[in-house]
Amino acid sequence: MKKSILILGLSLVLLAVLGSDVIAQTHKEGVESLTTSYYVTSKVIPLGDGRAYMAYEAFGVVVSDTREGLFHGATIRALGGMTVEKGVFNDEKAYGVYNLLNGDKVFVAITGAGKIGETMKGTVTLIGGTGKCAGIQGSSAEATRYMLRPAMEGIGQSYIKLKMQYKLP
C-alpha cells in the first residue's frame, strides 16, 4: 500500500514538473494569424519621368484570428519608404514597433514589393523587444497588404494579413 502511494505521489510530482515545462514552452513560442488595419500618411519626391521616392508613416491596430495571443490588441507605428518606378516598387523597407497590451514593445523590420494601389507581398521580421519580449525572435513567412479606398483624401488605408511565428528566450 505504501509503495503504491509512493509511486502515485512520485508520478504526480513528475507530471507537475513536466506539465509545467510544457506550459512554459507554449508561452515562449507560438504562431499567430494576424490582421493589422493601417492609417498611413506619405510624402513623395519625384525623381524624373515615371520615378519617385515615397516615405510614409503608418499607424495600425492588430487583431488575432483567435482573439488572443501575444500580438492581439497591440498597436503598431512604422516608418518606411520605397522607390517607385512606373507604379512598381521592389525595395520597400520599414521599421516599426508593436505596443503590446502588457506594455512591452516588439521591434520589427518590414520588407515588401508590389504595385502602388494594389496588393503588396513582403515579410515582417522581429528584431527585438522590451520586458518579457526582450530577445524575441521570429518572422512571418509572408505578409500580404491589401490597399483600400481611403475614407478621406490625402491618407492611405490598408490592412495586412500574416502569420507571425515567434520565440521568446
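The values are calculated or read from the model by the stated rules, or taken from the named source; none is laboratory data. Predicted model, so just to flag it, every value in this text is computed and none were measured. Neighbour counts run over all protein chains shown; Cβ positions are idealised from the backbone, glycine included.
For the range 42-99, what are the residues that are in contact (Cβ under 8 Å) with a residue 24 or more places away in the chain, outside any strand (DSSP E or B) and within 18 Å of the chain's Cα centre (by Cα)?
Asp65, Thr66, Gly69, Leu70, Phe71, His72, Gly73, Ala74
Read through the list (1) assigned to a strand (DSSP E or B); (2) over 21 Å from Lys163 (Cα atoms), then give the number of the only condition that Glu32 fails.
(2)
Any idea which of Glu57, Glu32, Glu92, Glu85 is closer than 25 Å to Lys132 by Cα, modelled with pLDDT of 95 or more and of a type in the set (D, E, K, R)?
Exactly one of Glu57, Glu32, Glu92, Glu85 is closer than 25 Å to Lys132 by Cα, modelled with pLDDT of 95 or more and of a type in the set (D, E, K, R), namely Glu32.
Looking at (1) assigned to a loop (DSSP other than H, G, I, E, B); (2) modelled with pLDDT under 95; (3) small (Gly, Ala, Ser), which one does Ser20 not meet, given that it meets all the others?
With respect to (1) assigned to a loop (DSSP other than H, G, I, E, B); (2) modelled with pLDDT under 95; (3) small (Gly, Ala, Ser), Ser20 is out only on (1).
Of everything in the range 65-109, what is more than 16 Å from Arg145 (Cα to Cα) and hydroxyl-bearing (Ser, Thr, Tyr)? Give them in sequence order.
Thr66, Thr75, Thr83, Tyr98
How many residues does the range 51-72 contain that are surrounded by fewer than 16 Cβ atoms within 10 Å (Cβ to Cβ) and out of contact with any strand residue (DSSP E or B) (no Cβ under 6 Å at 6 or more places or on another chain)?
3
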